[in-house]
Amino acid sequence: MKKLWILFWTFAKIGAMTFGGGLTMLPLLTREIVEKKKWATEDELLDYYVIGQCTPGIIAVNTATFIGYYQAGIWGGIFATLGMVTPSVVIILTMAAVLQGFLSVAAVAYALTGIRAVVCALLANTVINLGKKSLVDGWCVAIFVVVLALCFLGDFGVIPPLSSVVIVIFAALLGILICKIKDRRAEK
Amino acid sequence: MTFLQLFYEFFKIGLFAVGGGPATIPFLSDLAASSYGWFNSAQLADMIAIAESTPGPIGINMATYAGYNAGYNVFGLAGGILGGIVATTALVLPSLIIIMIIANFLAKFSKNKTVRAVFYGLRPAVMALIASAVVGIMQIALFTDENGAFGVQYPLLIITVVLFLLMQIKKLKKLHPAFWLAIGAVMGIVLGFV
């Protein structure tokens, strides 16, 4: 029972500090889930993230559901998800009902701008650290470079932008192919 | 409007919006234009701005605010609060169920060779997707001016670079992201009033 409340509280903290989309949650997830609670490794976190991107629903919530489920079954999934979602609901409802003009307060707007800048730094930092851990061999680096190139080419309109799902399928097939090659080499 | 209708509409969004917060916006636009009269496009634009600025994932914030508006228009404050809760619960329910089914399946097949090969390929790909998305965020936050054209936001860029470098210092690596977020907020305020 205690585990459920710990799940709730941990994800509530994460939810309360996520400013923006699910991506901005990564530095917080890395710190709280991987480093502090050791509920997942960096690799597992990436796995949940990619599945969360390809399935319906909010990525942030999906990741919470995954981790909660693995920690404490169905109730774990529910408590973790509720944790992630509760700060949002409370803050938005409070704001809507009471603090209508919150965004027009100058200090708030300035603070948010500053937070946006920090989020960029935190994300860059997290991406580099996650990258170091997950790009374990030459094949991984190759896949990373290819997918990154595809993304940028899509962004600049050189090729039609590819949806994440297409890239995921492509990468999954590459993974199977490369592992087959590695197995063959190992057999020799 | 009934709360049942609200639940139904947001359950649908939760089921069909793949990829998170931004994916819900087309569905919400449809709702704004619909005969429900829960909220209009102007209110939707406000909701998006607020959802991006308040803590919490954007998609959740949007659902809560939209539900609040829908409930408030008909039943006042109490209706608004109930509406926010109903809409958010409805949004989250489909993925809650789907993810737990997938997680269960994954756990059973985690040792399977093909599954492991798939994730071997997926991990660097996801890293690339994330890296690309981060570049996109930086572009919008640091290199776009008020009109949407390319324009370096020097004060913000400096804050980002300085804080990033500070984060690399060994002794400071232990600091929780919350600390950096607070510093960013303060620096933003200082910059704003100077």
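The values are calculated or read from the model by the stated rules, or taken from the named source; none is laboratory data. Since this is a predicted model, take the numbers as computed values, not measurements. Neighbour counts run over all protein chains shown; Cβ positions are idealised from the backbone, glycine included. Accessible surface is based on the protein model in full, side chains and every heavy atom, while ligands, DNA and RNA are left aside. Shrake-Rupley method; radii C 1.70, N 1.55, O 1.52, S 1.80 Å.
Some notes on this structure:
- Tail beyond 29 Å, pair distance distribution of chain A (Cα, percent): 35
- Amide H to amide H distances under 5 Å link B:Thr144 with B:Gly151, B:Gln153, where only residues 5 or more positions off or on other chains count and H is placed in the peptide plane.
- For chain B, dividing the convex hull volume of the Cα atoms by the residue count gives 186 Å³ per residue.
- Packing order of peptides B:19-27, A:176-184, highest average first: B:19-27, A:176-184 (average count of other Cβ atoms within 10 Å over each peptide's residues).
- Counting only DSSP H runs of at least 4 residues, each contributing -39500 (n - 2.57), and dividing by the residue count of chain A, the helix-based mean residue ellipticity at 222 nm comes to -26500 deg cm²/dmol.
- Within 10 Å of the Cβ of each residue in A:132-143, the mean number of Cβ atoms contributed by other protein chains is 3.
- For chain A, the longest principal axis of the Cα atoms and the long axis of helix A:2-17 meet at an angle of about 80 degrees.
- For the pair B and A, total buried accessible area rounded to nearest 100 Å², probe 1.4 Å: 7700
- Listed values for the range A:111-121 are Karplus-derived 3J(HN,Hα) couplings in whole Hz (6.51 cos²θ - 1.76 cosθ + 1.60, θ = phi - 60°), namely 4, 5, 5, x, 4, 4, 5, 5, 4, 4, 5, and x replaces Gly and Pro.
- Net lengthening on full extension, A:Asp155/A:Met1 (0.36 nm per residue, minus Cα-Cα): 50.7 nm
- For A:Lys37, no residue has an amide H sitting under 5 Å from its own, ignoring neighbours fewer than 5 places away on the same chain, with H placed 1.01 Å from N.
- Per-residue mean of C-beta atoms belonging to partner chains within 10 Å, peptide B:138-147: 2
- Look at where the Cα atoms of the range A:121-187 and of the range B:1-51 average out, and the two centres are 34 Å apart.
- The range B:72-114 - Rg and Dmax from Cα coordinates, angstrom: 18.1, 57
- Neighbouring partner chain Cβ atoms per residue of A:36-47, average, 10 Å criterion: 2
- Which listed pairs, of B:Lys108/B:Lys174; A:Lys133/B:Lys170; A:Lys38/A:Lys180; B:Lys113/B:Lys174; A:Lys37/B:Lys173, have C-alpha distances above 27 Å, in listed order: B:Lys108/B:Lys174; A:Lys38/A:Lys180; B:Lys113/B:Lys174
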